[in-house]
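Structure, as structure tokens:
The values are calculated or read from the model by the stated rules, or taken from the named source; none is laboratory data. It should be emphasised that the depicted structure is a prediction, and the values quoted were computed from it without experimental measurement. Cβ placement follows ideal geometry from the backbone for every residue including glycine, while neighbour counts extend to all protein chains displayed. All accessible areas refer to the heavy atoms of the entire protein, side chains included, with ligands and DNA or RNA removed. Shrake-Rupley method; radii C 1.70, N 1.55, O 1.52, S 1.80 Å.
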Amino acid sequence: MQRRKFIQNIGVGSLILPLNPVSFDKIDKNPSNQDILLPEGLKEGDTIGIVSPSSAIFESEPYEIARESFEAMGLKVKFGKNTRNRHGHLAGTDEERAEELNNMFRDDSIQAIIALRGGSGAARILDKLDYEAIKNNPKVFIGYSDITALHLAIFKKTGLVTFHGPVAVSTWNSFSSDYLKRLLFEKEAITYENPISKGDELVQTRNRIRVIKEGTVKGQLLGGNLSVLTGIMGSEYFPQDWDGKILYLEDVGEKIYAVDRMMSQLYLGGVLDKISGFVFGKCSDCDPGGSGYGSLTMEEVIDHYIKPLNIPAYSGAMIGHISDNATIPNGLEAEMNATKGTIKLLSPAVK
């Protein structure tokens, strides 16, 4: 089951923290030297705009559930004018989907923006986004999976901290909504850790972490969906400076040989040699497949590329195509403890 099929099934003013002052024309060349933009936090009564930058949804009920979910969080909801458009499997033409996202950032009545769903197609609009408008109107922007392309491009071009988290039609249970509220409403510098629940078992069997290399490290969080991230490597929308970054990854519906291919791309592209820490979330429905010659395991693939780096690393974080999906800020400094399997933000993600 491929990533797009999985998602179809589930329906699924700013603060500037100067690091080193540089001119805007250098922003997309060296992210570590750019100013980091924090969006405003949220409060009850604020309006969240829902956009469709990727695949379409063909039923009416997911729209209703999305609206009701955010109203239950105390937010008003405004759907983009092109949200229900269709162009093949996409939610409208590239121009329509880009215009919708651009307009949401320009709209002063909108305090936050969330993608209705992922799927595919976000990379097609990267060259049509108004990054100057995004930089001048920094807002909370949330989504995951295919939305990874937008997170990376926006960070590369503007330095805005965006949020890898559930999409509008995700399962908004107490786990997911709690992380979002603490992060964006309460402005908490969250420590992310897996829930501890043994149930009727003698030991914890669900949501375990696996330590790849013990240790603690500090750095900027940056990452997202593995296949989408590697899909824009080599373009001007892919961050070039990975020095000291804590790379986090997740995926769904990929064969293990494909994960190996993408990890190899990160290695050959020089990304893995530069990072200071590594976190792998969940790879849901990622099966070996193959031709009868057997397969590497997921552990063997990850360990092959990560262990030789000798950096703190762990897997099993609550990040990915799962119901209990944590909201992670891209571009924010954090401390990762691989021994304990925790990620501690060093400052609030919103102002």
Checklist entry - Of the residues in the stretch 120-145, how many are open to solvent by 10 Å² or more (accessible area, probe 1.4 Å) and outside any loop (DSSP other than H, G, I, E, B)? => result 9
Checklist entry - Applying the selection to the stretch 340-351, what residues are surrounded by fewer than 17 Cβ atoms within 10 Å (Cβ to Cβ) and polar (S, T, N, Q)? => result SER347
Item to check | Test for SER69: is it over 22 Å from the mean Cα position of the chain (by Cα), modelled with pLDDT of 95 or more and small (Gly, Ala, Ser) | outcome: no
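Across the stretch 103-118, what is the number of residues that are assigned to a helix (DSSP H, G or I), touching a helix residue (DSSP H, G or I) at 6+ places or on another chain (Cβ under 6 Å) and either open to solvent by less than 20 Å² (accessible area, probe 1.4 Å) or modelled with pLDDT under 95 (or both)?
Here is the first cut: in the stretch 103-118, the residues assigned to a helix (DSSP H, G or I) are 103-106.
Going one step further and asking which of them are touching a helix residue (DSSP H, G or I) at 6+ places or on another chain (Cβ under 6 Å), we end up with 105-106.
Those still in the list that are either open to solvent by less than 20 Å² (accessible area, probe 1.4 Å) or modelled with pLDDT under 95 (or both) too: 105.
Result for the stretch 103-118: 1.
Tell me the residue from ASN337, ASN310, ASN325 that is open to solvent by less than 10 Å² (accessible area, probe 1.4 Å) and among the polar types (S, T, N, Q), please.
Values: ASN337 fails: open to solvent by less than 10 Å² (accessible area, probe 1.4 Å); ASN310 fails: open to solvent by less than 10 Å² (accessible area, probe 1.4 Å).
Among ASN337, ASN310, ASN325, only ASN325 is open to solvent by less than 10 Å² (accessible area, probe 1.4 Å) and among the polar types (S, T, N, Q).
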Checklist entry - Is at least one residue of the stretch 284-295 assigned to a helix (DSSP H, G or I) and open to solvent by 30 Å² or more (accessible area, probe 1.4 Å)? => result no
Next on the checklist: Give me the strands (runs of 3 or more DSSP E) completely within the stretch 162-224, filtered to those with at least 3 residues that are open to solvent by 10 Å² or more (accessible area, probe 1.4 Å), ordered by residue number.
Outcome noted: 191-193, 210-213
Checklist entry - Being over 27 Å from ILE125 (Cα atoms) and surrounded by fewer than 21 Cβ atoms within 10 Å (Cβ to Cβ), is that true of even one residue in the stretch 225-240? => result no
Checklist outcome for this item: Within the stretch 78-88, the count of residues that are under 22 Å from the mean Cα position of the chain (by Cα) and either surrounded by fewer than 16 Cβ atoms within 10 Å (Cβ to Cβ) or part of a loop (DSSP other than H, G, I, E, B) (or both) comes to 2
Item to check | In the stretch 199-227, the residues that are at pLDDT 95 or above and in contact with a Lys or Arg (Cβ under 7 Å, 6 or more places away or on another chain) | outcome: ILE212, LYS213, GLY219, GLN220, LEU222, SER227
Item to check | Hits in the stretch 239-271 (condition: outside any helix (DSSP H, G or I) and of a type in the set (A, V, I, L, M, F, W, C)) | outcome: TRP242, ILE246, LEU247, LEU249, VAL252, VAL271
Checklist outcome for this item: If we ask which residues in the stretch 326-348 are under 19 Å from ARG206 (Cα atoms) and either charged (D, E, K, R) or modelled with pLDDT under 95 (or both), their number turns out to be 1
